[in-house]
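Chemist: Here it is, the structure in full.
The values are calculated or read from the model by the stated rules, or taken from the named source; none is laboratory data. For clarity, every value in this text was computed on a predicted model and none was experimentally measured. Cβ atoms come from the backbone with ideal geometry, glycine included; neighbour counts cover every protein chain shown.
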Amino acid sequence: MPKRQPQFAIGDTVFERFPFASTKRETGIVVERYELDDEYRYVVRFEDGREEVFFERELFSIPPK
């Protein structure tokens, strides 16, 4: 179990910290969070409907408007 609190919660709006150079940053919503190998992982659903899994260090939070 990780020793610190998760940085993101389900429903948080995020974008990928290191997208491929040829792509623009897409906004996504955290739809699931789980622990694996003492790290938090996040399932993010993007605006186009695709879902991807990220480590915490791969995401930036977008503050609510």
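Chemist: Have a look at Tyr34, Tyr42 and point out the one that is in contact with a Phe, Trp or Tyr (Cβ under 7 Å, 6 or more places away or on another chain), aromatic (Phe, Trp, Tyr) and either surrounded by fewer than 14 Cβ atoms within 10 Å (Cβ to Cβ) or at pLDDT 95 or above (or both).
Modeler: Matching residue, one of Tyr34, Tyr42: Tyr42.
Chemist: Restricting region 12-31 to residues that are at pLDDT 90 or above and under 14 Å from Glu51 (Cα atoms), which is surrounded by the most Cβ atoms within 10 Å (Cβ to Cβ)?
Modeler: Looking at residues that are at pLDDT 90 or above and under 14 Å from Glu51 (Cα atoms), I get Gly28.
Chemist: Okay, next question. Out of all the residues in region 45-60, which are of a type in the set (Lys, Arg) and surrounded by 13 or more Cβ atoms within 10 Å (Cβ to Cβ)?
Modeler: Arg45 - this is the single residue of region 45-60 that is of a type in the set (Lys, Arg) and surrounded by 13 or more Cβ atoms within 10 Å (Cβ to Cβ).
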